[in-house]
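So the structure is just underneath, and the comments pick up after that.
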Amino acid sequence: MLKESLRMSWQNIRGNKMRSFLTILGIVIGVSAVITMVTLGNGATLAVQQQIQGLGTNLLQIRGGQRLGPGAAPAPAFKDTDAEAIAQQIGGIAAVAPEARASTTLVADGRNWSSSVIGSSNEWLKTGNWKLAQGREFSPEEERAGASVCIIGATLHRELFGSSPDVLGQQLRVKAFSCNVIGVLDSKGQGAFGNDQDDMVLIPLKTLQRRVTGNNRVNTLLVSMAEDSDPERVKSSLRDLLRELRKLSPTDEDNFNVLDTKQLADTMAGTTKVMTTLLGAVAAVSLLVGGIGIMNIMLVSVTERTREIGIRKALGAKERTILSQFVVEAATTSALGGALGIALGYIVSMGANKVLPMFTSGTTVTVSPSFNSIAVAFGISVGIGVLFGYLPAKRAARLNPIEALRYD
């Protein structure tokens, strides 16, 4: 009986091509919209996670806080010895790096470019998961002496040295001194906050303090936790040690802030997931509209086929047979629309691979529809077909055969 119902449903769909197309179109749009919105949302979540991870593995950023109240003095800066104390006294630490920054105009090879100058150590490369494309790191002697050496980012390489593949040994003028380029970093692209992570030059901390800033201030301490460490224990130990190093009494508030990038990543990913759910729900409204279209067309179909229904019932067809025929027809229509919607949604989602970086700070991610989104969208489309097709089917099944035969 099901096979016969499917055959008759297909004949009716083919017999009214334009009407069937317009009915199916609502389901196609609904299913493809749901799949596309969910896929784009998942891609945005993945991009955010990648951007945050680009800041460093299990990274803690410690920055000076701001005292509040009238006459309050600014919080004291960190010292490079604070990083040494953390590395020596706290377990579960993979790398610690002091960081100071300044912005200035850099000159090389007859070109100039405004960029960030970062003073730190080789540990800075470890905390930020930086890799060298060419060259080497600082030697211990260069770090201790504050030598005139530097490692440049990919953007700086492009803007100051153009297409020259070999820049090692070239001179880069930073403010009032020139440094020897000893390394070039692999590109990371834009960060989670839209900044160009490659637009920077790294020099030893002592070099920055002596020749650029003229002071011993350290703006940030970067702490990379070991993979098997307990983040809460490490943060608690860090807080206790920093309070001791900064000579805070038990009643004093912390004059520093600890930012956990993993928590930031989880928070931002959670936000994008909520937005993905909302977008999917909005897109699903079009499925409801498509279902109403199916019900409308099925009611028209019942009206047009009243005499046919009367003849079938007069020949002994049971109510459940008539009911199943129209329900199967509605389900077939919505299933066909669902299948076409899946195909369209997949094509649009794959095309979004080229568009998504525009909305994710340039981060390149490969997004493809998940099985769950496809299954849910298709299941809902068929379910809507059955649900909205049931009322017209019930109406057809309950027709009085005598009245149906009299219908003109």
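The values are calculated or read from the model by the stated rules, or taken from the named source; none is laboratory data. Remember, predicted model here, so these are calculated numbers, not experimental data. All Cβ positions, glycine included, derive from the backbone under ideal geometry; neighbour counts span all protein chains shown. Side chains are part of the model used for accessible areas, which takes the heavy atoms of the whole protein and leaves out ligands, DNA and RNA. Shrake-Rupley method; radii C 1.70, N 1.55, O 1.52, S 1.80 Å.
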**Request:** Mind pulling up the Rg/Rh value for region 109-211? Radius of gyration and Kirkwood radius, both on Cα.
**Result:** 0.93
**Message:** Nothing charged except the Cβ atoms of Lys and Arg (+1) and of Asp and Glu (-1): what's the magnitude of the dipole of region 83-132 about its Cα centre? Round to the nearest 20 debye.
**Reply:** 160
**Per-residue SASA entry for E159, accessible area with 1.4 Å probe, Å² rounded to 10** = 60
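Placing +1 at every Lys and Arg Cβ and -1 at every Asp and Glu Cβ, with all other atoms neutral, what dipole size does region 79-180 have around its Cα centre, in debye to the nearest 20?
320
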**In region 189-256, the GluC sites (Glu not before Pro) that fall in loop regions by DSSP, at most 11 other Cβ within 10 Å** = E227, E253
**Prompt:** With charges only on Cβ, +1 for K and R and -1 for D and E, what is the dipole size of region 224-346 about its Cα centre, in debye, rounded to 20?
**Reply:** 920
**Fill in**
Residue by residue through region 26-37, the couplings from Karplus 6.51 cos²θ - 1.76 cosθ + 1.60 with θ = phi - 60°, in Hz, x for Gly and Pro, are x, 5, 4, 5, x, 5, 5, 5, 4, 4, 5, 5
**Asked** How long are the three semi-axes of the equivalent ellipsoid for region 144-295, computed from the Cα gyration tensor as the root of 5 times each eigenvalue, in whole Å, largest first?
**Response** 43, 30, 13
**Complete:** Highest mean packing first, using Cβ neighbours within 10 angstrom, the peptides 109-115, 209-215 sort as 209-215, 109-115
**Prompt:** At a 1.4 Å probe radius, carbon and sulfur cover how many percent of the accessible area of region 276-339?
**Reply:** 71
